[in-house]
Amino acid sequence: MLNTILPLLQAGSGAAPAGGMGGGSSMLIFLLLMILIFYFFMIRPQQKKQKKIEEARNSLQRGDKVVTIGGIHGKIVDVKDRTFTIEIAHDVRIEVDKAAISFNEAELGKKPEAAKEEKTEENA
């Protein structure tokens, strides 16, 4: 059986494809299409999310309640260039990097004005 299939395969592979370049151009188009799909469905949304997180971290001010990525809850008492000082208990303060503040999807979806209105309602 192998003796009959092998010559047929060899004869079929020697024929030149019609259309000049053949499968090379279609493979290149397919590869470019896959790159575009990855960009629009994976890379671009992740970049947008990262930008929202960065904007949210930069908008934090003194008095805002935050949660670190380690799960520590506290209130911001000082804002520096790259760090926050957070009060986690009475007279207990820690300094954390701005990147250590976590956000969930609900917090990122809120507009800054809505978050400020919510904060003032809690204080009233």
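Coordinate-derived values only; no laboratory data. Remember, predicted model here, so these are calculated numbers, not experimental data. As a convention, Cβ positions derive from the backbone with ideal geometry for all residues, glycine included, and neighbour counts pool all protein chains shown.
When you look at Val77, is it touching a His at 6+ places or on another chain (Cβ under 6 Å) and among the aliphatic types (A, V, I, L, M), yes or no?
Details: touching a His at 6+ places or on another chain (Cβ under 6 Å): no; among the aliphatic types (A, V, I, L, M): yes.
Spelling it out, it is not the case that Val77 is touching a His at 6+ places or on another chain (Cβ under 6 Å) and among the aliphatic types (A, V, I, L, M).
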Considering the range 32-88, residues that are free of Cβ contacts under 8 Å to residues at least 12 places away in the same chain and among the β-branched types (Val, Ile, Thr), and then whichever is surrounded by the most Cβ atoms within 10 Å (Cβ to Cβ), we arrive at Thr85
